[in-house]
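Take a look at the structure below.
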Amino acid sequence: MTLIKSISGIRGTIGGSVGENLTPIDVVKFASAYGTWLKQQRDKTNYRVVVGRDARISGKMIQNLVTNTLVGLGIHVIDVGLSTTPTVEVAVPLEHADGGIILTASHNPKQWNALKLLNAKGEFLNAAEGAKILEIAESDKMTFNTVDSLGKITINDAYIDLHIEEVLNLKLINPEIIKKQKFKVVVDGVNSTGGIAIPALLDKLGVEVVKLYCDPTGHFPHNPEPLKEHLTDLSQKVVDKKADFGIVVDPDVDRLAFVDEKGEMFGEEYTLVACADYVLSKTPGNTVSNMSSTRALRDVTIKHGGNYEASAVGEVNVVELMKKNKAIIGGEGNGGIIYPDSHYGRDALVGVALFLNLLAEKNCSVSELRASYPNYFMSKKKIKLTPNLDVDAVLKSIQQNYQHENLTTIDGVKIDFESSWVHLRKSNTEPIIRIYTEAQSQNAANDLADKFIAEIEQLVS
């Protein structure tokens, strides 16, 4: 069982010992630190925070702890209930709130939960802000309000619908073109809030929806990370129903992947590539993704006359570089689409709408669309951390061993070879080292990953 405290929030497994797992005491402590930090940002009498959650089994319990802790700090809570991460991000500025909290452990299995923290813009906190909240949490210097100045809770369950309307009103979204295609799509909502939001969006776009695992019970029918090995049911359903393609999202609906009409993975790395291709074809400009993402985005951006840059891994890092480079679209290769015309956050609803517009305009199958892009193959592997594994020392040794190659060390170690690359870094969300590789064939990508795993094992043996 695990508790991970980082600048991006607090994440852990439910049950167990205080300080070692995500227990009620840890939740209250961290929510108190966030509320205290929020009140330090601006001296006012009426603080407001939007709180939403995915459908995890522990979600209601965690939500009650968080919202009532904020009430104790004199903060007014807008409770949007079952929601998505991008929906809460959209709700924060619409509510003129001081911040937001999404209760979700994203792609982690059902025993996990987490608090994702937003600022007044509905964007994730930066490193300095996250570090300050951790400092407050460890100091225990938090003061609560008296009985006459407690906060209150207002329930507003309209925000998924409002979010959908916001997506439909985007300049590049043309619902009429999509409706004419009469698409048929299978949606795997992994029994979380994607099963609410994605079918509702598709219905507005005139798409026939076949629902698969769209009941928001929090009992995930498969590993909720949208990878090929977890999506055999979706692939089979697409073929059986003769659907145009399949959609899968993670439990909090900020990651998006597609399955083509043959039941084959479009590739979550290519979700951003396709959406960027559509946006760049209408509004030429720059793009950003993190350094663990496919080179195909760079290639497509250059084709459209734009400039591509890579950031450190983490949504806040991607957003920071997007703002700096005035990128018109960006995101992460895990299927996260960030489209500033909507908001600066990964958003599967925006991604679905952009993809449908591209597909309608191209008037081709999903497999044909995928074949039109540069063909790279990725391997995403991991090594579990153990007490005797000194990650910093391992990465330093790798860096020294490959010092004559094209190295980037802003986030772990990335080595760019002529026709491939490898990126090694410690995860912010799990107790693992991630080993991502990309090459011109799947075997080459797998072999490159296995080579570095063997090198790491040799270093720690």
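Bear in mind that the values in this text are calculations on the coordinates, not laboratory data. The model shown is predicted, which means the values in this text are computed figures rather than measured ones. When we count neighbours, we look across all protein chains shown, and the Cβ atoms used for this are built from the backbone with ideal geometry, even at glycine.
Fewest first, what order do 37, 421 take by the number of other Cβ atoms within 10 Å? Intermediate results must be reported in sequence, preceding the final value.
Numbers: 37 21, 421 24.
Result, fewest neighbours first: 37, 421.
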Over the chain, calculate the relative contact order: mean separation of alpha carbon pairs under 8 Å at least 6 apart, over the residue count, as a percent.
12 percent
Between residue 149 and residue 28, what length in nm is gained on full extension when 0.36 nm per residue of separation is reduced by their alpha carbon distance?
41.7 nm
Residues in the stretch 260-299 near a label at residue 326, defined as backbone nitrogen under 15 Å from the 7 Å Cα→Cβ point?
283-288
Show log10 I(q)/I(0) for the stretch 377-460 at q = 0.10, 0.19 Å⁻¹, two decimals, from a solvent-free Debye sum over equal Cα scatterers.
-0.21, -0.80
Too-long pairs where the Cα-Cα distance tops 29 Å, listed order kept, from 116/384; 5/451; 171/303; 132/380; 237/362:
5/451; 132/380
Using alpha-carbon positions, what is the distance between the centroids of the stretch 159-207 and the stretch 352-404, in Å?
26 Å
In nm, what is the difference between 0.36 nm times the number of residues separating residue 180 and residue 401 and their Cα-Cα distance?
73.9 nm
With an 8 Å Cα cut-off and a minimum separation of 6 or more residues, compute the relative contact order for the stretch 3-157 in percent.
32 percent
For residue 417, enumerate residues with amide H under 5 Å from its amide H, sequence gap 5+ or separate chain, H modeled in the peptide plane.
422
What do you get for Rg/Rh of the stretch 26-163 when both radii come from the Cα atoms and Rh is the Kirkwood radius?
0.93
Which ordering of 45, 429 is given by a fewest-first count of other beta-carbon atoms within 10 Å?
45, 429
Pairwise FRET efficiency - residue 384 versus residue 239, Cβ, R0 = 41 Å, nearest 0.05
0.70
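Translational diffusion coefficient of the chain at 4 °C, 1.567 mPa s, Stokes-Einstein with Kirkwood Rh over Cα pairs, in µm²/s as a whole number. All intermediate terms of the calculation are to be shown ahead of the outcome.
On the way: Rh = 22.6 Å.
D, rounded to a whole number, is 57 µm²/s.
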